[in-house]
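Below is one structure, written out as structure tokens; the observations come after it.
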Amino acid sequence: NAAKADFEKATALGMKQCTPVEYAIAEAELEFAEHNLNELKIDTFREHLAKANEKIAEGVDKLKLCKVILFDFDRYAIKPVYYPVLYHMADTMLRYPDVQVEIQGHTCDIGTEKYNCWLGQKRADAVKETLVIYEVPESRLSTVSWGEYMPAESNATEAGRIKNRRVEFDIVYK
């Protein structure tokens with residue numbers, strides 16, 4: 001029988017000796033535990049999937065429409081064209097209190113490392129301040145400056161540098 005063969009194989013491999021009946025019981029318990037673990041994983045996965053689908057259905061994904069805020073060279077003032085975009089983002093965040101946003105400031109490579117790090121932070125802070133003015137709790141917003149270190153495009157051309165003078169958003173669900 002299979003249990004006896006498995007018992008002999010385990011014994012040959014140096015496993016702790018037990019009777020074929022003990023081995024069969026242990027094997028059955030292991031199968032039962034694995035089945036329950038798989039059921040638990042499936043239930044957990046289903047819960048996470050349902051929550052994700054609910055978020056998408058509710059429109060939280062609209063936040064991702066605002067991917068980039070561009071800035072003029074050597075400036076951290078928000079261009080007027082972006083105020084309605086930030087207002088919409090704030091409005092959506094207020095409707096979904098479990099959403100947090102990391103605001104990431106970037107620059108092109110013109111200037112020193114230190115200056116570009118400072119400028120990227122000022123850009124991120126300007127966007128954060130605007131969202132706070134639009135009543136998003138400051139505790140749901142964080143900022144980071146990547147300076148010139150994470151370019152969206154090559155800095156070899158002016159077109160690339162324009163796209164690198166930006167703020168991006170990383171959306172986090174609590």
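The values are calculated or read from the model by the stated rules, or taken from the named source; none is laboratory data. Keep in mind that what you see is a predicted model, and the values were worked out from it rather than measured. As a convention, Cβ positions derive from the backbone with ideal geometry for all residues, glycine included, and neighbour counts pool all protein chains shown. For accessibility, only protein heavy atoms count, side chains too; no ligands or nucleic acids. Shrake-Rupley method; radii C 1.70, N 1.55, O 1.52, S 1.80 Å.
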SASA check, Ser145, accessible area w/ 1.4 Å probe, all protein chains in place, rounded to nearest 10 Å², comes out at 20 Å²
Expected field for Asp74, accessible surface area in Å² at 1.4 Å probe radius, rounded to 10, holds 60 Å²
Distribution output for region 65-174: share of Cα-Cα pairs per 10 Å bin in percent, first bin at 0, values 16, 49, 27, 8, 0
Rg/Rh over Cα atoms for region 105-160, Kirkwood Rh, comes to 1.08
Given a 1.4 Å probe, the accessible area of region 126-174 per residue, as a whole number of Å², is 55 Å²
Distance in nm between Lys114 and Ala152 label points, each 7 Å along Cα→Cβ, equals 2.9 nm
The pairs in Lys114/Lys163; Lys79/Lys114; Lys67/Lys128 lying past 22 Å Cα-Cα in this model are Lys79/Lys114
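Rounded to the nearest 20 debye, what is the charge dipole size of region 68-162 about its Cα centre when +1 sits on each Lys and Arg Cβ and -1 on each Asp and Glu Cβ?
Numbers: 9 positive and 14 negative charges, 24 e Å.
The calculated dipole for region 68-162 is roughly 120 debye.
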From most to least accessible, 1.4 Å probe, no ligand or DNA/RNA atoms counted, Arg123, Arg95 line up as Arg95, Arg123
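Extension gain Ser142-Ile171, at 0.36 nm per residue separation less the Cα-Cα distance, in nm? List each step's numbers first, then the result.
Values: separation 29, 0.36 × 29 = 10.44 nm, distance 1.06 nm.
Length difference between fully extended and current span is 9.4 nm.
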